[in-house]
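The values are calculated or read from the model by the stated rules, or taken from the named source; none is laboratory data. From a predicted model like this one, the values you see are computed outputs, not experimental measurements. As a convention, Cβ positions derive from the backbone with ideal geometry for all residues, glycine included, and neighbour counts pool all protein chains shown.
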Amino acid sequence: MVAIPRSFWEFSATVADLLFPQWLSTRLLAQKDQYAPHPSYVGFEGWYTRIQDESAGLSIILIFCSLGDSTPLGTPRKHYFHFSVTPIGDSSTIEPVEFHLFPDDLQHIVDSPPDSETGLQPYTLNIPNIGSFTVEPKSQRYNLTVPCGESASEHWKVSIDITDRVPLSQEHPLLSTPHSMALSRLETILPLHWAIFSTGSKANYDVKHIGADGVGSEVFGGTGVAHMEKNWGASFPTGWTWCQAFGASSHDPAQTLGDHRDNATRDCVAIAGGVLALGQKAYLIHYKDSGDARRDERSIHPSYSAKDHESTEKSDPNDKQHINWTFRPLWTLILALPYPVGIPRFKISRKNLVEKNPSLSNTFDSSAGRGSTTVSTLTFNFSVLGLPALSLMIPYAVIQFSPFGSMHETFTYDERSGFGRLRLAAATLNRRILIDARSESRPATLTSQVQPRWLALHCPMPGGHATHAYETFTARATIRAYRRQWRFGWPRWVEIRNAEFEHAALEFGGLYAAIA
């Protein structure tokens, strides 16, 4: 009997997932809990939890991350643990706190079979002398002892209970990965995977400071909403962006962002993507809006941008129900080709070499139906004793296009000025989404900083965890969703949602943060 290689089954699962709608492919393929620990041969594996408590004006971040067993022995900073509390909003009185620890070991403990009712795999992530993160079918718990201060006995006691999980899909709760069940199985083929475990769980947290005398004092405590996700794969990309935001419950407009009464109907958005290889890019976008009808929608002609041509008309009643959209490759794949081929243009100019621009910007014309062009410049500087020099610049152009759908990207990041912005436009045959996420730069006052605070995070790299990402929680994200409809034999994009999210998390990493 001839053994069929595993890669064949992986390829077959992928073809089934791409050719058939999700409701059918879920019946053809067995489900798997992608949030559970993966085999040791993956290059890295990391868990990320964000808790937002709007009433207390804070955002809590917890990260467990580890390089795979294939990492060479002696690699420094093979494991990473992060805990931070960041204030959000001008009225917050919380002082920022952050801990970056690189333990010698991070244990993945799986000692029981998957739950018979939910199919979820119980397990524990344990760091000796620090604490654990336990995942059970209906709850998750953090019990951590984070060392701090000069005394060895002084530490922070962190206790977090997370319940009322809201999966990406209520119909198929184990399909908690934006890029689908089949693609998530390609562990040895695709370089990176992303699973969202919960888009809005209830989180009770309690943080105490234990002094050298053993006396504890309450520092933070309350209830918020939690977003939980995981990355795993061969390696992190050379450049990436990430964004996540909570909204209020669509069924209860009076509900605050930090309230947990109805997380199942909470609006949310989550985005991840960036550079794959050889200039190719891809994005995963998930947007959920469970709201009822709010207003009249607007019809937009497909050959014009939203601001150029608008008319008011009623949309289909079905559009007033709920949105649970996921955009993923191949629809969101961006290819890159050089243009013009092999013909660089030369320009020589005098330039005073005083300061390097710290920002990195990638812009293009995102009008519907047009390709996007990125213009870059190779610069060779010639100076004499620091005096004004001649600069030889070789501009070249790269055409970026999406062969299967419509995908456009614009980003700007400058940590020194506290400004970052990500704009995406993605469309399939009958769905379209426009996303604009930007950090807010507030003026200096007695209660606010001059600029938003960017949190530096360590990422799993082949040589060990290193600072390659910067994240802020003061961004504002605007989402505009459209559905294609035919009117009198002519297709039109009908706007069915126009939502805004405050205190969104926005991250730039690698090439997108201009640090690589």
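Scan the stretch 134-142 and give yes if some residue there is among the charged types (D, E, K, R) and in contact with a Lys or Arg (Cβ under 9 Å, 6 or more places away or on another chain), otherwise no. Can you show your working first?
To start, the set of residues in the stretch 134-142 that are among the charged types (D, E, K, R) comprises 136, 138, 141.
Filter once more, keeping what is in contact with a Lys or Arg (Cβ under 9 Å, 6 or more places away or on another chain): 138.
Checked against the condition, which is being among the charged types (D, E, K, R) and in contact with a Lys or Arg (Cβ under 9 Å, 6 or more places away or on another chain), the stretch 134-142 yields at least one hit.
Going by what's in this entry, would ALA499 be described as in a strand (DSSP E or B), closer than 27 Å to GLY279 by Cβ, out of contact with any His (no Cβ under 7 Å at 6 or more places or on another chain) and at pLDDT 90 or above? Spell out the reasoning first.
Values: in a strand (DSSP E or B): yes; closer than 27 Å to GLY279 by Cβ: no; out of contact with any His (no Cβ under 7 Å at 6 or more places or on another chain): yes; at pLDDT 90 or above: yes.
Here the answer is no, as ALA499 does not meet what is asked.
Please determine whether any residue of the stretch 207-226 is modelled with pLDDT under 90, of a type in the set (Ser, Thr, Tyr) and in the same structural domain as ALA475 (by TED's automatic domain parsing).
No - not one qualifying residue is present in the stretch 207-226.
Among the basic types (Lys, Arg), within 24 Å of HIS227 (Cα to Cα) and at pLDDT 90 or above: is that true of ARG483 in this structure? Outline the logic, then answer.
Numbers: among the basic types (Lys, Arg): yes; within 24 Å of HIS227 (Cα to Cα): no; at pLDDT 90 or above: yes.
Judged against the criteria, ARG483 is not a match.
Consider only pairs whose beta carbons are under 9 Å apart and that are at least six residues apart or on different chains; among these, list those whose first residue lies in the stretch 218-238 and is touching a residue at least 12 places away in the same chain (Cβ under 8 Å) and whose second residue is of a type in the set (Ser, Thr, Tyr) and surrounded by fewer than 18 Cβ atoms within 10 Å (Cβ to Cβ).
GLY222/SER55; THR223/SER55; GLY224/SER55; ALA234/THR188
Looking at the stretch 97-110, which of its residues are closer than 17 Å to PRO147 by Cα and surrounded by 13 or more Cβ atoms within 10 Å (Cβ to Cβ)? So that I can check it myself, show each step before the final result.
So in the stretch 97-110, the residues closer than 17 Å to PRO147 by Cα come out as 97-106.
Matches in the stretch 97-110: VAL97, GLU98, PHE99, HIS100, LEU101, PHE102, PRO103, LEU106.
Can you name the residue in the stretch 152-167 that is under 15 Å from ASN129 (Cβ atoms) and part of a loop (DSSP other than H, G, I, E, B) and, of all such residues, is nearest to the chain's Cα centre (by Cα)?
Here the answer is GLU154.
Can you tell me which residue in the stretch 111-161 is modelled with the lowest pLDDT, limited to those that are of a type in the set (Lys, Arg) and surrounded by 13 or more Cβ atoms within 10 Å (Cβ to Cβ)? Can you show your working first?
Here is the first cut: in the stretch 111-161, the residues of a type in the set (Lys, Arg) are 138, 141, 157.
Still in the list and also surrounded by 13 or more Cβ atoms within 10 Å (Cβ to Cβ): 141, 157.
Numbers: ARG141: 96, LYS157: 92.
Among those that are of a type in the set (Lys, Arg) and surrounded by 13 or more Cβ atoms within 10 Å (Cβ to Cβ), it is LYS157.
Of all residues in the stretch 208-232, which are surrounded by fewer than 23 Cβ atoms within 10 Å (Cβ to Cβ) and closer than 24 Å to GLU507 by Cα?
The answer is ASN231, and nothing else.
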